[in-house]
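Notes for the one structure printed next.
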2 protein chains.
Amino acid sequence: MNAEDRIKVRYRIRATPDTIDAFALAVAVEQSVEVPLDVVRDAWIREHIVGRVEAVTPVDTQHYLVDVSLATDTMTHEGNGSNDAPDIAQALNMIFGNSSMHDRVELVDVNFPEGFAQAIGGPRFGIDGIREQVGAAKSRPLTCAALKPQGLPTAELARLCGVFARSGIDVIKDDHGLADQRYAPFAERVRACQKAIVEAERDTGRRALYAPNLVGTPETLAANARVLREEGVGAALVAPMLVGLPAFHELVRRHLQVPVLAHPAFCGSGRIDRALLLGKLYRLLGADAVIYPHYMGRFAWPEALCGDIARTALTPWPGIRPAAPVPAGGMTVERVPELVRFYGADVMLLIGGSLLQAGDARDPALAERTRAFVSGAASVMPQ
Amino acid sequence: MNAEDRIKVRYRIRATPDTIDAFALAVAVEQSVEVPLDVVRDAWIREHIVGRVEAVTPVDTQHYLVDVSLATDTMTHEGNGSNDAPDIAQALNMIFGNSSMHDRVELVDVNFPEGFAQAIGGPRFGIDGIREQVGAAKSRPLTCAALKPQGLPTAELARLCGVFARSGIDVIKDDHGLADQRYAPFAERVRACQKAIVEAERDTGRRALYAPNLVGTPETLAANARVLREEGVGAALVAPMLVGLPAFHELVRRHLQVPVLAHPAFCGSGRIDRALLLGKLYRLLGADAVIYPHYMGRFAWPEALCGDIARTALTPWPGIRPAAPVPAGGMTVERVPELVRFYGADVMLLIGGSLLQAGDARDPALAERTRAFVSGAASVMPQ
């Protein structure tokens, strides 16, 4: 990386015309040296390390877009032999550490120099890699279903997994509430569900991926990942904000060799632009597919935002693979045509509770509704 | 822990009188089983695992306090031999995972069963433990200063550290922007600053604690903690939301044997009540001292909130030590009397840039202003 490289950060700031310039400078200082400027006695620090206000653009009479550039030098490791590697936690710190405490400041975009982004890495598989693993043509959406509710014993969750796999679902994920509880402990559950996947594949010739939910401290996550490797599991589900973004990135890069679905739990609402956080940052940190609540489900996220998240996850980015957008949160089989019209084929459709409303794993109605989902997703023509 | 134990969570929800009851139930379901209730066919799951709405209390015509209880069973490890241990990431998930995505829901309080809280552990030292380590009487506030700005070379930061230690500061912390940058790599900086601390103690007979900033992925944090142990460093600074709350807890419990100051970077603003997050949760997860922006500094946090954070950090809690509140963010020597009137003696006063405005480490004015801070803190009588 070039020592002169700078990250461009865009904030949306509530301020008056007579205060915005001073406040923009205050944010640039807060996000870099965090001292009054008269304390910065060294010319190199003043020139290079202090954040620079690059532009201030009025949005309306009360809001401004403020572009600040920050030296990548402030966010890379020199010590520990890791030689100029981006430090994810420190990058977040410089981008929105202290300014996250200002009610009037929102983080709306971050642009990384190419080398910096590529050193972080992005998805190892991305939407195309997931397609390859399940043999899905590019002309149709991917499908996803969820094992729930928590409280069910392992055998019942595995039975559900088998029904979904035999009915043609591409990715079968744990409910994000499934952790390591006594009613379905992690290792036991992963073993049983993966067995159901393997048996379904043997019978149908179709490969589905099981994505167990990994949640816990870093040591627990590493132990969970070991279980996945031992059992030959094909995917993983992780909520990056829950485990922490730096822990998520390390888990993906160091411990997982399979596609990773990012769950939005604990992602908050609004102070960090959601297309930036889910579509861009989760992708940059290695999510191959990004789950988020679709418009008119259980969460009142605007339709335009859902489109933005999908576009951000898919948009070309040199050296960074596209991630699959996964609209969810109360979707139904009936909405599949509408979802495909909205997103096109480059999407993974996730239906959770609505499939289960048809019946439990022993009820043929569940397989029937699941097959209707799968064939619906395969037959709708994107417009 | 008792299998019947439940965590009590309080949300503040924006709703109308005719929608609040249904929405309160929806939140209780979202935070537990996350499926339509008709899918919950098992009576035990319905009785035990599904979140219970315990109370709905109107605040005003548009807002309600909603108390929901959640089974601790949903947040404890059974597998991996860890036998009923709380899972921090999963607890966050159950408490505010999906509901964090609702603009209309804020998390305002969490009450843990005693056994659950004590299994998490809280501060290992707390405010009294820090006092012991630096020999500070309970009648005076603790003092803290910061090494900054980033960009200074290691030798200069170490020189600053020496001036602060010789001038009588109790805890000398890295600026939270100091990471592992090439201008002052972590291991080199820690070694040099700790040397300055040891030399000052040898000359003055007074012990100060140096708190280097630990930031990075879990592996980096563990490596940083190793450097602290090797160099005999007396404290550490960590931003829990930046590294992730589960990673913070594991770092404190598994890798650090010294008091830990929690920095508020990336803590956001408002969707999780700040007294809850900083005063209660950071404390529960092991912070011995909690830094936050005081009223009338660079951040516009209300005076009442600052008092709430301090009270929450200090309030008696069976088996959980009190943590030191550390008001900061633009404090000055002149404000010491006012701060002590507001907080009393159970506080750690942190002055950063304002000390450095007196001069650099070679300028006697810096030591002079620092001594004025120290003697001011020691002489003001709490009221």
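Observations
- Links that overshoot a 20 Å alpha carbon limit, given the list A:LYS138/A:LYS280; A:LYS148/A:LYS173; A:LYS8/B:LYS148; B:LYS138/B:LYS195; A:LYS138/A:LYS195; A:LYS148/B:LYS280: A:LYS138/A:LYS280; A:LYS8/B:LYS148; B:LYS138/B:LYS195; A:LYS138/A:LYS195; A:LYS148/B:LYS280
- Helix A:154-166 and the long axis of chain A differ in direction by around 90°, with both axes built from C-alpha atoms.
- Degrees, to the nearest 10: B:364-379 long Cα axis against longest axis of chain B: 50
- Remark on B:ASP87: its backbone amide H falls under 5 Å from those of B:THR76, B:HIS77, a criterion applied only to residues 5 or more positions apart or on other chains, H modelled at 1.01 Å from N.
- The stretch A:126-379 shape via C-alpha gyration tensor axes, a/c threshold 1.5: rounded
- Normalised by 2.2 N^0.38 Å, where N counts its residues, the alpha-carbon radius of gyration of the stretch B:211-278 equals 1.11.
- Averaged over B:234-246, number of beta-carbon atoms from partner chains that fall within 10 Å: 5
- The stretch A:35-187: C-alpha gyration tensor shape, a/c 1.5 cut-off, then a/b vs b/c: prolate
- Axis-proximal residue, chain A, for the rotation superposing A on B (Cβ, Å): A:GLY244, 1
- nm² value of the averaged projected area, convex hull over the Cα atoms of the protein assembly as shown: 30.8
- Using the Cβ of A:ALA146 as centre and a radius below 10 Å, the other residues enclosed give a net charge of -1, where K and R count +1 and D and E count -1.
- Look at the alpha carbon pairs under 8 Å that are at least 6 residues apart: their mean separation over the length of the stretch A:331-380 gives a relative contact order of 47 percent.
- Geometric extent, Cα atoms of the stretch B:6-120 - Rg, Dmax (angstrom): 14.5, 49
- Per-pair calculated FRET efficiency, R0 = 41 Å: B:TRP44 and A:ASP203 via Cβ, rounded to 0.05: 0.80
- B:ASP203 label point (Cα plus 7 Å toward Cβ) to equivalent points in the other copies: 7.9 nm, shortest first.
- Förster-model FRET efficiency, 22 Å R0, B:LEU37 and A:ALA365, C-beta, rounded to 0.05: 0.75
- Net charge over other residues, Cβ less than 14 angstrom from the Cβ of A:VAL252 (K, R count +1; D, E count -1): +3
- Which of B:THR61, A:THR57 has the fewest Cβ neighbours within 10 Å, and the rest in rising order: B:THR61, A:THR57
- Relative to the longest principal axis of the Cα atoms of chain B, the long axis of helix B:186-204 makes an angle of roughly 60 degrees.
- Chain B: relative contact order in percent, alpha carbon pairs under 8 Å with at least 6 residues between: 16
- On the beta carbon distance between A:GLU338 and A:SER375, with R0 = 25 Å, the FRET formula returns roughly 0.95.
- Label zone (A:ARG52, point 7 Å along Cα-to-C-beta; backbone nitrogen cut-off 12 Å) within the stretch A:1-35: A:4-8.
- Length gained on full extension, B:GLU132 to B:ASP109: 5.1 nm, using 0.36 nm per residue less the C-alpha separation.
- The stretch A:201-315 - Debye-derived log10 I(q)/I(0), Cα point model, q = 0.11, 0.15, 0.21 Å⁻¹: -0.39, -0.68, -1.10
- The charge dipole of chain A, taken about its Cα centre with unit charges on the Cβ atoms of Lys, Arg (+1), Asp and Glu (-1) only, comes to about 1460 debye.
- Gyration tensor verdict on the stretch A:102-216 (Cα atoms; rounded if a/c is under 1.5, prolate if a/b is larger than b/c, oblate otherwise): oblate
Coordinate-derived values only; no laboratory data. Just so it is clear, the structure is predicted and the values come from calculations on it, not from any experiment. Cβ: placed from backbone, ideal geometry, glycine included. Neighbour counts: every protein chain shown.
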